[in-house]
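Report on the structure given below.
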Amino acid sequence: MSDIAESAVVYPGTELGESVVIGDNAVVGKHPVLGKRSTARRDELAPLVVGAGSAILAGAVVFAGSRLGRDVIVGDQACVRERCELGDEVVVGRGSLVENDVTIGARTRIQANAYVTAYSTLEEDVFIAPGVTTTNDNFMGRTEKRLDLLRGATIRRGARVGGGAVLLPGIEIGEEAFIGAGAVVLRDVPPRAVMVGNPARQIREVPDEELLGR
């Protein structure tokens, strides 16, 4: 049995698992309204699927066409757009935005006010600190050439991205890498690399004792 606040809006067709919580003024299963020049796909969307034990909290918005695994938390005033796949136990923190066509692996945590741009991939056990910004368009809306090159970040298993860091379009962050707070990442990052600064540079490797269990 799900717990749905009286002020929440759950659109028809939305599939809710057992023990799902929908908070005050949350909007669940809505369809996007796209601008005339939007590059997002316009195909028909499947219903939103929300796994058992998940919680979509006060004022959050989750779009149709996405799938949330078990025990996912979408925090207050956060938003998950269409065609996103969130694995089990993912956390999307307060005020964060996950744009369309994003894949997020199990147990990944996205802290408050982060921005995960469209066409990004975050693997399992990734940590995204508050205020992180990812990008996907080197042309910033100019020229048709950009349409074939739109690509967000790929952040591999166990990588950590510090507060306020900025990742340029198409960047790959290697497994278990560590991006320091405020870093601006211009190019791919090797596995286990510790990167700091603007532009980001490697200063050492993540020590063995900080690595995830294998």
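The values are calculated or read from the model by the stated rules, or taken from the named source; none is laboratory data. Please read these numbers as outputs of a predicted model, since none were measured by experiment. So basically every Cβ, Gly included, is an ideal-geometry build from the backbone, and we count neighbours across all protein chains shown.
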- Which one is surrounded by the most Cβ atoms within 10 Å (Cβ to Cβ) among residues in region 97-106 that are under 14 Å from Val72 (Cα atoms) and touching a residue at least 24 places away in the same chain (Cβ under 8 Å)? Gly105
- Residue count for region 107-118, restricted to those that are part of a loop (DSSP other than H, G, I, E, B), surrounded by fewer than 21 Cβ atoms within 10 Å (Cβ to Cβ) and not hydrophobic (A, V, I, L, M, F, W, C): 3
- Message: I'd like the residue in region 1-34 that is among the aliphatic types (A, V, I, L, M) and at pLDDT below 95 and, out of all such residues, is farthest from Arg83 (Cα to Cα).
- Response: Met1
- Message: So if I check each of Leu147, Leu122, which one is among the hydrophobic types (A, V, I, L, M, F, W, C) and farther than 18 Å from Leu86 by Cβ?
- Response: Leu147
- Yes or no: Glu176 touching a residue at least 24 places away in the same chain (Cβ under 8 Å) and acidic (Asp, Glu)? yes
- Any residue at all in region 97-112 that is more than 28 Å from Asp148 (Cα to Cα), in contact with a Ser or Thr (Cβ under 6 Å, 6 or more places away or on another chain) and not aliphatic (A, V, I, L, M)? no
- Task: Would you be able to tell me the number of residues in region 42-73 that are without any contact (Cβ under 8 Å) to a residue 24 or more places away in the chain and in contact with a strand residue (DSSP E or B) (Cβ under 8 Å, 6 or more places away or on another chain)?
- Result: 5
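Conditions (1) free of Cβ contacts under 8 Å to residues at least 24 places away in the same chain; (2) farther than 13 Å from Ile56 by Cα; (3) exposed (fewer than 13 other Cβ atoms within 10 Å of the Cβ), marked per residue:
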| position | (1), (2), (3) |
| --- | --- |
| Asp3 | yes, no, yes |
| Glu6 | yes, yes, yes |
| Glu18 | no, yes, yes |
| Val27 | no, no, no |
| Lys30 | no, yes, no |
| Lys36 | yes, yes, yes |
| Ala40 | no, yes, no |
